[in-house]
Amino acid sequence: MFKSISSEKYLALIGWLKDARNEQNLSMRDLASLIDEPHQFIGKVESAERRLDVYEYYQYCKALNLNPAEGLDRLK
C-alpha cells in the first residue's frame, strides 16, 4: 500500500502549515504550546516523520488561523 506520508501532495500540505507557522513568527515550541503537544511533535510533523490525523490537522490549522478546507484543497 502506498504511504501517503511520503506523497508529494502530503508534503506540500505540511509545507503549507510550516510556511504559515514561520510567517507568523511562531517557533515550534510556540505552536506546540498552542495545541498542547510537546515541541517534538511539531518537529516530527514538519519533517514528515509523523502523519497528522484529522483532529490534529484541525488543531494545527486553528492555532495558525488557517482554513482547514484550504489545506485539503491542496490534496486534490
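General remarks:
- Segment 1-28, subset in a helix (DSSP H, G or I) and free of Cβ contacts under 8 Å to residues at least 12 places away in the same chain, residue surrounded by the most Cβ atoms within 10 Å (Cβ to Cβ): Gly15
- Among the residues of segment 29-46, just one is in contact (Cβ under 8 Å) with a residue 24 or more places away in the chain and open to solvent by 80 Å² or more (accessible area, probe 1.4 Å), namely Leu34.
- Every listed requirement among (1) over 22 Å from Leu75 (Cβ atoms); (2) under 9 Å from the mean Cα position of the chain (by Cα); (3) among the hydroxyl-bearing types (Ser, Thr, Tyr) is met by Ser33 save one, (2).
- Residue that is surrounded by the most Cβ atoms within 10 Å (Cβ to Cβ), among those in segment 47-76 that are in contact (Cβ under 8 Å) with a residue 12 or more places away in the chain and hydroxyl-bearing (Ser, Thr, Tyr): Tyr60
The values are calculated or read from the model by the stated rules, or taken from the named source; none is laboratory data. These numbers were taken from a predicted model, which means no experiment stands behind them. Note that we place each Cβ from the backbone using ideal geometry, even for glycine, and neighbour counts take in every protein chain shown. Ligands, DNA and RNA are stripped out before the accessible areas are found, and what is left, the full protein with its side chains, is counted by its heavy atoms. Shrake-Rupley method; radii C 1.70, N 1.55, O 1.52, S 1.80 Å.
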